[in-house]
Amino acid sequence: MEIFVLRLGHRPARDKRISTHVALTSRAFGAKGIFFSTKDVDLEESVRDVAGRFGEGFEIRTGVKWKPFLRDFQGTKVHLTMYGVHVDDAIPRIRSEAKGRMLVVVGAEKVPAEVYQLADFNVAVGNQPHSEVAALAVFLDRLTQGEGLRSEFEGRLKVLPCERGKRVVDRGNAG
Ligand code: SAM
């Protein structure tokens, strides 16, 4: 399954840090790309900078016209919202119905009402308000049953897990 994320309502002056986290979390948990409804070249650059060092192959595009993009997306559309169906109840249905591609939608401020209608599934990571980063991480991890976190990234920098300290191979310096 190829997973993409659509981030609605990003406000460049306020949301730069959290939107960067939304993008990097999407990437780290196995999504193939992220789309933002607001144009923000700085955001694109900072995410591409990380991907450039730790592994390419993650698409980021900002300034996307969200309504036609969401309406016309070929694949399963999942909107993460505290008002939706609990993730534990939704995931088995999503797994049995989703094929090929998936678009996961997260908001920033209030999400337009049409999103609830355009989505195939409105999914709650618990029915309390929290964060788009947390919602995305839990949803992607449960959906992929942990496999997303094991994605391989062929980057210049490779982190070698260790008990203490930091071990990083810089393949750009390899003989
Ligand atoms: N107040 C906004 C509203 O009523 O739509 C939500 C703001 S919240 C900080 C930003 C995004 O986090 C939401 O659009 C949603 O995608 C996600 N989110 C927050 N809590 C969630 C939850 N319990 N389950 C799923 N997604 C959640």
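The values are calculated or read from the model by the stated rules, or taken from the named source; none is laboratory data. From a predicted model like this one, the values you see are computed outputs, not experimental measurements. Here Cβ is always computed from backbone atoms with ideal geometry, including for glycine, and neighbour counts include all displayed protein chains.
So here's what we get for this one:
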quantity	calculated
Of residues in the range 93-120 being within 8 Å of the ligand (Cβ to nearest atom) and either at pLDDT 95 or above or crowded, with 19+ Cβ neighbours inside 10 Å (or both), the one farthest from G9 (Cα to Cα)	V105
Residue in the range 47-55 that is away from the ligand (no atom under 16 Å from the Cβ), outside any strand (DSSP E or B), at positive phi and surrounded by 14 or more Cβ atoms within 10 Å (Cβ to Cβ) present	yes
Hits in the range 7-46 (condition: part of a helix (DSSP H, G or I) and touching a His at 6+ places or on another chain (Cβ under 7 Å))	S19
Residue, nearest to I94 (Cα to Cα), within the range 118-137, restricted to residues that are in a loop (DSSP other than H, G, I, E, B) and of a type outside the set (S, T, N, Q)	D120
D88 vs. criteria within 18 Å of I34 (Cβ to Cβ), modelled with pLDDT of 95 or more, more than 15 Å from the chain's Cα centre (by Cα) and surrounded by fewer than 16 Cβ atoms within 10 Å (Cβ to Cβ)	no
E147 being at pLDDT below 95 and surrounded by fewer than 19 Cβ atoms within 10 Å (Cβ to Cβ)	no
Residue in the range 58-92 that is farthest from the ligand (Cβ to nearest atom), counting only those that are among the aromatic types (F, W, Y) and within 30 Å of R48 (Cβ to Cβ)	F58
Only listed residue being within 24 Å of T144 (Cβ to Cβ), surrounded by 15 or more Cβ atoms within 10 Å (Cβ to Cβ), free of Cβ contacts under 8 Å to residues at least 60 places away in the same chain and among the hydroxyl-bearing types (S, T, Y), chosen from T25, T20, T38, T62	T20
Residue within the range 131-154 that is touching a residue at least 24 places away in the same chain (Cβ under 8 Å), over 19 Å from the mean Cα position of the chain (by Cα) and within 16 Å of the ligand (Cβ to nearest atom) present	no
Enumeration of residues in the range 128-152 that are over 22 Å from K77 (Cβ atoms) and touching an Asp or Glu at 6+ places or on another chain (Cβ under 8 Å)	L149
Some residue of the range 47-57 being under 30 Å from R171 (Cβ atoms), touching a helix residue (DSSP H, G or I) at 6+ places or on another chain (Cβ under 7 Å) and not aliphatic (A, V, I, L, M)	no
